[in-house]
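The values are calculated or read from the model by the stated rules, or taken from the named source; none is laboratory data. Just so it is clear, the structure is predicted and the values come from calculations on it, not from any experiment. Cβ sites come from the backbone with ideal geometry, for glycine too, and all protein chains shown count toward neighbours. Accessible surface areas use protein heavy atoms only, side chains included; no ligands, DNA or RNA. Shrake-Rupley method; radii C 1.70, N 1.55, O 1.52, S 1.80 Å.
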Amino acid sequence: MKRHLLQNSLWTWLTLLAILSVASACTTAPVEVIPATPTATALPPKPQPTLEPISITKLSTATVQILAMVDKKVQWEGSGTIISNTGLILTNAHVARPSTPGLAALYNDVKMVSTPDPDTLVVALDQGEDQPPVKKYLAEVAAVDGPLDLAVLKIVKTIDGEAVNPEDLHLPFVELGDSSKVQLGDSVRILGFPGIGGETITLTTGTVSGFESQDRVGDRAWIKTDSEIAPGNSGGLAVNEAGAIIGIPSMVVSGTAVSLGRLRSINLAKPLIEAAAAAGQYGSPYVVKGTGTEKFTLVTWAEDFDNNNCPIHPIERYRSGALAVVSVWSYQSMVSGEDFGQLYFINDELVGGNIQPWSAETSGGCFDVYLHNNGDPMPDGDYRFEIYAGAGLPLIDSAETTVGPLQNGDIKIKGQVLDALTGNGIPQAVVVVLNPGADIQQWYNNNFPSTDVYAAVRTGTNGNYVLPSRLKRQIVYPIVVAAKGHIDASGFLHYGLTSPSEEFIKVELEPQ
């Protein structure tokens, strides 16, 4: 509005000047000049220099393709941006080092737990908008942050393996912007090598559609854009109209009607860049390291769990048609916020899992790991659950069970009672199996009532025996073994659905 009024004032002044000039040219009559009170006249604004946006050609020369190789084979591809003429490259951690602590939990990506880090990072430079990039250099990770999914690489060798002097590279690069100044509706240009429709560089454009916060990171952790971002664009270049980097393409969130591309805000990358430029050490301030002594122990498999995450109907294996497979674990030495993972395998094939920050107590007796099939029966097969916890997600423990046809029939028990000193069989030893739920000490105190006995037998000449009654599966039976001149032995028998139909039990008794 101010500029508009000023322009009107200027136009009026110029018009008046023109009229006066014409009037003076048309008459030679003297004109009486009446002195007037001096007034201030506004001067026209000085023209401001306009910043020429950096051309796409200049931006593309600083956009690189990154090839992640393991044993000389390309495992995946990504993009990156040269940010210094000495060969520093900004990209994603999942492009450069998938095992980075905090990265798998950021995306809840269970595959990152078993994805090997590349042993070689190849940098390919753009050769023109209609040409595929050419492999030129080898790079190493100089700084990396998992919860931010950011990495800074440094070029160290030519593609032929010759060491390079960074000062001699003189590479084209892109200036860093300020993501705190990005606003809704700002234009954004994204460059990278998505690998869709060929290997040439690809440009997509869009606008800033919003911002997202992130736990422990804060506000404006992500910049949302409606620009289309394909997987190969990860780690590539996102610039504003002036051609300065405002973010790093990192993630796509798909909805029912639209896909939003996420850019990691460039300001969060600056500490990594500073550390890499100074050849210093960088440690992510967003990683919860944990105790290093995390422990998980399987309590039982079960049909379900209660409100306290403790088992309902403990079992060892599942019948065909089971609707869920549930394991319950005890745990200790956990820290809130540290990475925690649970992976599920069927017949050694990874079928799912979760990687997320730990949010339960430090220690406890019941933590459930629950696998279902959306209401359909679980497929028959061998199941394995694996537990990971702590920085870098090391494997803590695993447990196995089976879904399938159950063993039929009860279990036949036979065995031998031996002298622990000589190893010889003890004849006439007594093997007594008590009823489920009977208390051994109380049975002794009550002078061995026969009503508590489920089955009993004496050993033969060589100490061998066969119980006259078979044992039911998934039931706990107390057992006592005694012989003259020896110390009694006691314990419990418990056989599951996978146990064979016949068991041999050898018992050694210590002489008195």
How big is the gap, in Å, between the Cα center of region 134-186 and the Cα center of region 80-113? 12 Å
Angle between the Cα long axis of helix 2-26 and the longest principal axis of the chain, 0 to 90 degrees, nearest 10? 10 degrees
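Dividing the alpha-carbon Rg of region 56-120 by 2.2 N^0.38 Å yields what? Could the numbers behind the result be given before it?
Working: Rg = 13.5 Å, N = 65, 2.2 N^0.38 = 10.7 Å.
Taking N as the residue count of region 56-120, the ratio is 1.26.
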So, with points 7 Å from each Cα along the Cβ direction, the Asp382-Lys58 label distance in nm works out to 6.2 nm
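Can you give the local net charge around Met378? Use residues other than it whose beta-carbon is closer than 13 angstrom to its beta-carbon, Lys and Arg +1, Asp and Glu -1. If you can, show how the numbers build up before the last one.
Details: positive: Arg317, Arg319; negative: Glu303, Asp376, Asp380, Asp382.
Around Met378, the surrounding residues sum to -2.
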If the cut-off is a Cα-Cα distance under 23 Å, which lysines reach Lys224, setting aside same-chain residues fewer than 8 apart in sequence? Lys181, Lys270
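Calculate the tail of P(r) for region 151-300: the fraction of all Cα-Cα distances greater than 24 Å, expressed in %. Don't jump to the answer; show the numbers that get you there.
Numbers: 5079 of 11175 pairs.
So the pairs more than 24 Å apart make up 45 percent of the total in region 151-300.
Among residues other than Val144 whose Cβ falls under 15 Å from its Cβ, what is the net charge (Lys/Arg +1, Asp/Glu -1)? Don't skip to the end; give the middle numbers.
Numbers: positive: Arg97, Lys154, Arg264, Lys270; negative: Asp117, Glu140, Asp145, Asp149, Glu274.
Every neighbour counted, the sum reads -1.
Can you compute the FRET efficiency between Ala438 and Gln332 using 1/(1 + (r/R0)^6), with r the Cβ-Cβ distance and R0 = 25 Å? Round to the nearest 0.05.
Values: r = 33 Å, r/R0 = 1.34.
About 0.15, to the nearest 0.05.
Using a 1.4 Å probe on the protein chains only, how many percent of the accessible area of region 282-372 belongs to carbon and sulfur?
Carbon with sulfur: 46 percent of the solvent-accessible area.
By how many nm would the segment from Val430 to Asn446 lengthen if fully extended, with 0.36 nm per residue of separation less the alpha-carbon distance? Show your work: numbers first, answer last.
Numbers: separation 16, 0.36 × 16 = 5.76 nm, distance 1.80 nm.
Additional length available on full extension: 4.0 nm.
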Return the inverse of the average 1/r over all pairs of distinct C-alpha atoms in region 313-397, which is the Kirkwood hydrodynamic radius, in Å to one decimal. 13.9 Å
Restricting attention to region 431-499, which trypsin sites (Lys or Arg not before Pro) occupy a DSSP loop and are surrounded by at most 15 other Cβ atoms within 10 Å? Arg470, Lys472, Lys484
The chain: antiparallel DSSP beta bridges as a percent of all, rounded to 5: 90 percent
Å² of accessible area per residue within region 128-251, as computed with a 1.4 Å probe and no ligands counted: 46 Å²
In the structure shown, do any of Lys154/Lys289; Lys73/Lys111; Lys72/Lys111; Lys73/Lys289 have a Cα-Cα gap over 24 Å, and if so which? Lys154/Lys289; Lys73/Lys289
Whole-Å semi-axes of the chain's equivalent ellipsoid, largest first, each the root of 5 times a Cα gyration tensor eigenvalue? 79, 26, 20
Would you list Ile54, Ile479 from the most to the least accessible area, probe 1.4 Å? Ile54, Ile479
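Counting each DSSP H run of 4 or more residues in the chain as -39500 (n - 2.57), what helix-only mean residue ellipticity at 222 nm follows after dividing by all residues, to the nearest 500 deg cm²/dmol? Don't skip to the answer; put the middle values down first.
Numbers: 6 runs with 54 residues, N = 512.
Taking each H run of at least 4 residues, the total per residue is -3000 deg cm²/dmol.
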Working out 0.36 nm times the residue gap between Gln474 and Asp348, then minus their Cα-Cα distance, what length gain in nm do you get to one decimal? 42.7 nm
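When the dipole is taken about the Cα centre of region 135-234, and only Lys, Arg (+1) and Asp, Glu (-1) are charged at their Cβ, what size is it in debye, to the nearest 20? Each step should come with its number before you reach the end.
Numbers: 9 positive and 16 negative charges, 19 e Å.
Approximately 100 debye in magnitude.
Can you pull the semi-axes for region 439-512, root of five times each eigenvalue of the Cα gyration tensor, sorted largest first, whole Å?
Details: eigenvalues 92, 60, 27 Å².
Semi-axes, largest first: 21, 17, 12 Å.
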Carbon-plus-sulfur fraction of the accessible area of region 180-241, 1.4 Å probe, in percent? 44 percent
Please give, to one decimal in nm, the separation of the simple spin-label points placed at Gln281 and Lys111, each 7 Å out from Cα toward the Cβ. 3.4 nm
Treating the beta-carbon of each Lys and Arg as +1 and of each Asp and Glu as -1, no other charges, what is the dipole magnitude of region 112-187 about its Cα centre, to the nearest 20 debye? 80 debye
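Kirkwood Rh and Cα-based Rg: tell me the resulting Rg over Rh for region 224-383, rounded to two decimals. Please report the intermediate quantities before stating the final value.
Working: Rg = 21.9 Å, Rh = 19.8 Å.
Ratio of gyration radius to Kirkwood radius for region 224-383: 1.10.
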Could you order Arg319, Arg220, Arg189 by accessible surface area, starting with the largest, using a probe radius of 1.4 Å? Arg319, Arg220, Arg189
